[in-house]
Amino acid sequence: MAKTNKVSGEFAVYRRILRIDELIASGCYPTIEDLMDDHEELGSRATIYRAIESMKLELNAPIEKDPRTKGFYYSDKTYRLPTVFTTGQEMFAVSILQNMVSNLKGTPVYESAKKVLDTIQKSAVKNPNEVKWNSDNRFLDSTDLEWTHSRYVFLDDCKIDIPEKNWNIIEKAFKENRIIEFDYSGIWKTEKTHRKVQPYQSVFSGGTWYLWCKDLSKKALRLFQIPRMSNVKLTKETFLVPPDADFRKHSSGAFGAFIGETKRPVEFKAQFYDEACEFVRDRKWGDRQKIEEQKDGSIILSFMGNQLYPFLKLILSCGCNARPLAPKLLVDEWNWHVREMVKNLG
């Protein structure tokens, strides 16, 4: 038989294994000689044996050798080789995601997400093109990624559990664009108030989940902490999600889930000294960011944003190594806090 369709290049190993699988699954009990004479040119005796060993070890192929015919067959007649393979880099990404999914703890989504990622990792099949062998023609397993769990660490913030019922109602409201009602007790205004909202998005920030929505009584966009919502109810009323509903269109999110007094972005400006300078230089705080070096070694940071109070919190956290310059509301708030701190000194 003429030799055609020679196996070579990047997909050589992949095509070789698929062809061997096809021949074994056909039930014709191909021998090593049959495989060597195949029109796909599967390679030498050693190459084919190595491919079969790879199929056994990497792909859990139940390949057996018939003692009478010396031909290969599958002991499990239902087995077929997976036609979708994953790369080592993709499996690495899945392993990292398993660490990141810990941020979903406290929600009903956590167990489901963890189960899916565990299933992917356990059932994924290594791309045969990435199979490695040592000098003794022994298979080297490069899929073991247990080490990533101790080397890539995502620290958990202090999390607040969310009742599964509330989470499920919000999820249904998202899917069906339904208005919801709930009682809410805020951090600053602890007295419970009744709210009726069009829910747009769930936003995770600072160890908790927020509901980004339109408060129908206030006729304004609001963020509510989901753990502080009670008596959550799904109404029969529906709504159309406006094109500008995305939280990220209203805030850069550089300081987490917060939208303050300034609805439109304004220029924030502050001066930082000593060790605070390096901390500020390393990060992106907002659009049109600019850092000006000063002769005394300090820097002046400016950017466009609307998260005034979180930026004020950052400045206050730097103590004597920071002071605001603009806008006036930011400067006035900082001055008030400084005066109060002086009073507290007695």
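The values are calculated or read from the model by the stated rules, or taken from the named source; none is laboratory data. Since we're looking at a predicted model, the values are computed, not measured. As a convention, Cβ positions derive from the backbone with ideal geometry for all residues, glycine included, and neighbour counts pool all protein chains shown. Protein only, heavy atoms only, side chains kept; ligands, DNA and RNA dropped before computing areas. Shrake-Rupley method; radii C 1.70, N 1.55, O 1.52, S 1.80 Å.
The table that follows gives values for the structure above.
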item	result
3J(HN,Hα) from dihedral phi, segment 282-292, Karplus parametrisation 6.51/-1.76/1.60, rounded to Hz, x for glycine, proline	6, 10, 9, 9, x, 5, 6, 5, 9, 10, 10
Accessible-area value, CYS28, 1.4 Å probe, nucleic acids and ligands omitted, Å²	80
For SER205, residues with placed amide H under 5 Å, excluding near neighbours	TYR210
Amide hydrogen neighbours beyond the local backbone of GLN289, cut-off 5 Å, H modeled	MET304
³J(HN,Hα) computed for each position of segment 20-30 - Karplus, 6.51 cos²θ - 1.76 cosθ + 1.60, integer Hz, glycine/proline x	4, 4, 4, 5, 5, 5, 5, x, 8, 6, x
With DNA, RNA and ligands ignored, accessible area of MET36 (1.4 Å probe; Å², nearest 10)	60
C-alpha center-to-center spacing [segment 242-320, segment 203-234] in angstrom	24
Under 5 Å, built H, 5+ apart or other chain: amide partners of ALA61	LYS56
For LYS269, solvent-accessible area (1.4 Å; no DNA, RNA or ligand), Å²	60
Listed residues ASP296, ASP76, ASP215 arranged by accessible area, highest first, probe 1.4 Å	ASP296, ASP76, ASP215
Per-residue ³J(HN,Hα) for segment 41-53, Karplus 6.51 cos²θ - 1.76 cosθ + 1.60, θ = phi - 60°, Hz, x for Gly and Pro	6, 6, x, 6, 4, 5, 5, 5, 4, 5, 5, 5, 5
Which listed pairs, of LYS105/LYS172; LYS192/LYS343; LYS65/LYS114; LYS114/LYS233, have C-alpha distances above 30 Å, in listed order	LYS192/LYS343; LYS65/LYS114
Exposure rank, largest accessible area first [LYS196, LYS233, LYS313; 1.4 Å]	LYS313, LYS233, LYS196
Of TYR273, GLY297, TRP285, farthest towards positive along the dipole that unit charges on Lys, Arg, Asp, Glu beta carbons give segment 262-302	TRP285
